[in-house]
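Heads up, the thing below is written out as C-alpha cells.
Rule-based calculations on the coordinates, nothing more; no lab input. Everything quoted here is computed from the prediction, not taken from an experiment. Neighbour counts run over all protein chains shown; Cβ positions are idealised from the backbone, glycine included.
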Amino acid sequence: MMNPVEQKSLDQRVTQWFGQARNLIIQRMAEHFEVEHKTSRSDLVTSVDREVEQLYISLIRQADPQARILSEEGYGDDLGDLSGHVWFIDPIDGTMNFVKQQSDFASMLALYIDGQPVLGWIMNVMDDQLIHGGPEIGVKLNAVILPALKNTALEDGLVYLSGARLLQGQYNFPAIAKAALSYRVYGSAGISLCQVFLGRAVAYASRLKPWDFAAGLVLAKGLGLKATLIDGDPINMLSSGTVLVATTQAYTDIQLLNK
Ligand code: 2AM
Ligand code: CA
Ligand code: CA
Ligand code: CA
C-alpha cells in the first residue's frame with residue numbers, strides 16, 4: 001500500500017506531468033494534427049491523443065516500473081485483473097470537443113492499488129484547472145482544497161447526461177432530465193464530472209469505459225459523492241457500464257425514478 005505522505009508526494013509529482021501534457025497539447029493545437037475515425041463518425045482519435053498517452057506511459061514507467069497501465073489508445077497493457085498498481089489513462093477526454101471547439105476537453109489519470117481507488121487527476125486543459133487527490137489525502141482544485149459539497153436534490157440542480165443515451169431514451173435518461181432543474185450535454189465525461197465536483201451540477205450519468213470514469217470515481221469518493229452503475233450495482237473497473245455519480249440526495253432521487 002501507499003501511506004498518505006507517499007500519496008501526497010506522488011500527487012505533486014504527477015501534477016507536474018499535467019503541466020507537461022498541457023504544454024504539449026497547446027503546442028500541437030497551433031500546428032497540424034491528424035484526425036481519424038475509430039468505430040463511428042463521431043468516435044475520433046487524433047495524433048495528439050496518441051502522443052499524450054505515450055508521454056504519460058513513459059512518465060509512469062519511470063516513476064512506477066512495476067505498475068500496469070490501462071489506456072484508451074492502445075499503448076498500455078492487457079489487464080485481466082486489478083492486482084497491484086494499476087494506472088488508467090484517458091489522454092484527451094472529449095476528443096470531439098478538442099477537434100471542433102478547442103475547448104471543454106480534459107486529460108485524466110488515476111491510480112488504483114489492488115482495485116482500490118487511491119489517486120485521481122482530471123485537468124480541464126483550456127481552463128488550466130486540475131482537480132486531483134483522493135479519499136485519503138482530500139481533493140484539491142489546483143492548490144486549494146475543495147469545500148464540502150452541499151447535498152442538493154435533483155429538482156434543485158443541473159444533471160449532466162450523455163447525449164446519445166438521452167436521444168435514444170435509454171436508462172430512463174429522459175425522465176432524469178425532466179425531473180432535474182435542467183440538464184446539460186457536454187461531450188466530455190471529465191469536464192462533466194468536474195461540474196459535479198465543483199458543486200455546479202448534482203449528477204452525471206453516461207455509458208463509459210474504465211478510462212472515462214477511473215479518475216472521477218477516485219475524486220467522487222474523496223468528496224463523499226455516490227458512484228455506482230445507474231441500476232445501483234457496483235462498478236467493475238475492467239468493463240464498460242452506465243455510471244452515475246451524484247450527491248446522496250440526487251442519487252436517491254434518480255434511483256426512485258428508476259423503480
Ligand atoms: P473520449 O473523447 O475520450 O472518447 C462524450 O463523447 C464522452 O463519452 C467523452 O467523454 C468520450 O470520451 C466518451 N466516449 C466513450 N465512448 C465513446 C464513443 N464510442 N464515441 C464517442 N465518445 C465516447
Ligand atoms: Ca475516444
Ligand atoms: Ca474518454
Ligand atoms: Ca480519450
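At q = 0.12, 0.14, 0.17 Å⁻¹, what log₁₀ I(q)/I(0) does segment 4-145 have when each alpha carbon counts as one equal point scatterer in the Debye sum? Reported log10 I(q)/I(0), two decimals: -0.48, -0.65, -0.95. Is the C-alpha gyration tensor of segment 101-160 telling us rounded, prolate or oblate? Criteria: a/c under 1.5 is rounded; beyond that, a/b larger than b/c is prolate, otherwise oblate. Judged from the Cα gyration tensor, segment 101-160 comes out oblate (a/c at least 1.5, b/c at or above a/b). Stretching the chain fully between Leu229 and Arg61 yields a gain of 57.3 nm (0.36 nm per residue, less the alpha carbon separation).
Is there a pair in Lys100/Lys226; Lys100/Lys140; Lys38/Lys209; Lys100/Lys209 whose C-alpha atoms are over 25 Å apart, and which pairs would that be? Flagged as over cut-off: Lys100/Lys226; Lys100/Lys140. Pairs of Cα atoms nearer than 8 Å and 6+ residues apart set the relative contact order; for segment 4-145 it is 17 percent. Using every pair of distinct Cα positions in segment 83-124, the Kirkwood expression returns a hydrodynamic radius of 11.2 angstrom. With the simple model of a label 7 Å out from the Cα in the direction of the Cβ, Ala148 to Lys209 spans 3.9 nm. Site pair Arg13 and Asp114 shows an inter-label distance of 2.1 nm when each label is modelled 7 Å from Cα along Cα→Cβ.
For the options Ala21, Ala63, Ala227, a Gaussian network treatment of the chain with springs between C-alpha atoms closer than 10 Å singles out Ala63 as fluctuating the most.
With R₀ fixed at 25 Å, the C-beta to C-beta distance from Glu34 to Gln102 puts the FRET efficiency at about 0.95.
Can you bin segment 24-80 into rounded, prolate or oblate? Criterion: square roots of the alpha carbon gyration tensor eigenvalues sorted a ≥ b ≥ c, rounded for a/c under 1.5, prolate for a/b above b/c, oblate for the rest. Oblate, since a/c reaches 1.5 and b/c is not below a/b.
For segment 43-103, the list of chymotrypsin sites (Phe, Trp or Tyr not before Pro) that fall in a loop by DSSP and count at most 16 other C-beta atoms within 10 angstrom reads Tyr75. Of the GluC sites (Glu not before Pro) found in segment 34-84, those in coil by DSSP whose Cβ has at most 10 other Cβ atoms within 10 Å are Glu34.
The phi-based Karplus calculation (6.51 cos²θ - 1.76 cosθ + 1.60; θ = phi - 60°) puts the 3J(HN,Hα) values of segment 193-203 at 4, 4, 4, 5, 5, 8, x, 8, 9, 9, 7 Hz, whole numbers, x for Gly and Pro.
Annotation for segment 118-149 versus segment 5-75: alpha-carbon center distance of 18 Å. What is segment 154-258 by shape, rounded, prolate or oblate, if you read a ≥ b ≥ c off the alpha carbon gyration tensor as root eigenvalues and call it rounded for a/c under 1.5, prolate for a/b larger than b/c, and oblate otherwise? Rounded is the answer for segment 154-258, as its axis ratio a/c remains below 1.5. Couplings for segment 93-106, taken from phi via the Karplus curve 6.51 cos²θ - 1.76 cosθ + 1.60 with θ = phi - 60°, read 9, x, 4, 4, 5, 4, 6, 8, 10, 6, 7, 6, 10, 10 Hz in order; Gly and Pro are left as x. Computed over the chain, the quotient of the alpha carbon radius of gyration and 2.2 N^0.38 Å is 0.95. Note on Gln54/Leu181: beta-carbon distance plugged into 1/(1 + (r/R0)^6) with R0 of 41 Å gives a FRET efficiency of 0.45. The relative contact order of the chain, computed from alpha carbon pairs under 8 Å that lie at least 6 residues apart in sequence, is 16 percent.
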